[in-house]
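Peer 1: Let me give you the structure first, and then I'll get to my questions.
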Amino acid sequence: MANSPTGDSMVQRVVRVLESFDSGRVSQTASEIARRSQLPTSTAHRIVGELVETGLLERDESGAVRIGLRLWELTTRGSRALGLRQLAMPFMAEVQAVVREHTQLAVLEEHEVLFIERLSARNAGANVTRIAGRLPLHASSSGLVLLAFAPPELQEAVLSGPLRAVSQETITDPRRLRSKLAEVRRLGFASAPGFIEQVSSGIAVPVRDGSGTVIAALSVVLPRERAGDQEAVLVLKRAASRITEAIAATDFLSR
């Protein structure tokens, strides 16, 4: 791939274009994409045109573009995240039937939590997470679980880096976070009351593959007054165990 004057390859420039879209900006003009991706306008227009031709982006009636169905189709073919989501969904539905709020499945993606599925009741409380949305590892119950069972080098990288406060109760002190991670490993679940929003509390448990390695976090987001809901902890642990059994039975992770 040819490099740009700034040293970016064509693939890197395409990724920057695609990363300019998010849940709050689903449709953009090529000029807006150029500004957000910090690419020259001519480069952004050319890449957008090529992506539209291949179906990875689609134009709407106004001439702006959005993520195309072709991109969704390609990214879900053989995706391990999709396979995990499909295995977990029946057990997530069982959790959701008990908690009647939000039930979520998340995986570790570099130094962040990536949410790959969410079930929500019609009148469920506040929740900022979205499917394909991300959160810092230290700032959510799912992140705490994934970080607690992550390789030591990743833990140290997070502990030594800046710990951004998402709310007043997010842990930003490395010593407190290290203690919290030890608690998660000891108890087998993470509780994060007010870590994201003051009115909500997250509870998460690890999901393991057949070898015992933690590969995901299963969580619920409840109203703050239900922060100590032991029934939610039990139903989450039971569901996570059954997901692990399903993973071991299908061995889809090794395909």
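The values are calculated or read from the model by the stated rules, or taken from the named source; none is laboratory data. Values in this document were obtained by computation on a predicted structure and should not be read as measured data. FYI the Cβ positions are ideal-geometry reconstructions off the backbone, even for glycines, and counts take in every protein chain you see. What goes into the accessible areas is simple: the full protein's heavy atoms, side chains included, and nothing from ligands, DNA or RNA. Shrake-Rupley method; radii C 1.70, N 1.55, O 1.52, S 1.80 Å.
Peer 1: Long-range amide H contacts for Leu57: which residues qualify at under 5 Å (H placed 1.01 Å from N, peptide plane, sequence gap of 5 or more or a different chain)?
Peer 2: Val52, Gly68
Peer 1: Could you work out the relative contact order of the chain? I mean the mean sequence separation of Cα pairs under 8 Å and 6+ apart, divided by the number of residues, in percent.
Peer 2: It rounds to 15 percent for the chain.
Peer 1: For the chain, what does -39500 (n - 2.57) per DSSP helix run (n ≥ 4), summed and divided by total residues, give at 222 nm, in deg cm²/dmol to the nearest 500?
Peer 2: -14000 deg cm²/dmol, from helical runs alone.
Peer 1: With the chain treated as a Gaussian network of Cα nodes joined by springs under 10 Å, which of Glu153, Glu197, Glu245 yields the largest mean-square fluctuation?
Peer 2: Most flexible of the set in this elastic network: Glu153.
Peer 1: Size of the dipole of the chain about the Cα centre, Lys and Arg at +1 and Asp and Glu at -1 on the beta carbon, nothing else charged, in debye to 20?
Peer 2: With Lys and Arg at +1 and Asp and Glu at -1, about 240 debye.
Peer 1: Would you please give the residues with an amide H less than 5 Å from that of Glu109, counting only those at least 5 places away or on a separate chain, with H modeled from the backbone geometry?
Peer 2: Answer set, sorted by chain and number: Leu114.
Peer 1: With an 8 Å cut-off on Cα pairs and a minimum separation of 6 or more residues, tell me the relative contact order of the stretch 19-132 in percent.
Peer 2: Normalised by residue count, the contact order of the stretch 19-132 is 15 percent.
Peer 1: Then there is this: Quick check: at a probe of 1.4 Å, how many percent of the accessible area of the chain sits on carbon and sulfur atoms?
Peer 2: 51 percent
Peer 1: Please check: in the Gaussian network model of the chain (C-alpha springs, under 10 Å), which one of Leu82, Leu218, Leu69 has the largest mean-square fluctuation.
Peer 2: Greatest mean-square fluctuation among the candidates belongs to Leu69.
Peer 1: Whole number in Å², please: accessible area per residue of the chain, 1.4 Å probe, ligands, DNA and RNA not counted.
Peer 2: 52 Å²
Peer 1: Scan the chain and note any complete DSSP helix (H) whose C-alpha atoms cover at least 24 Å along its axis and whose Kyte-Doolittle average is 0.0 or more.
Peer 2: 80-99, 230-250
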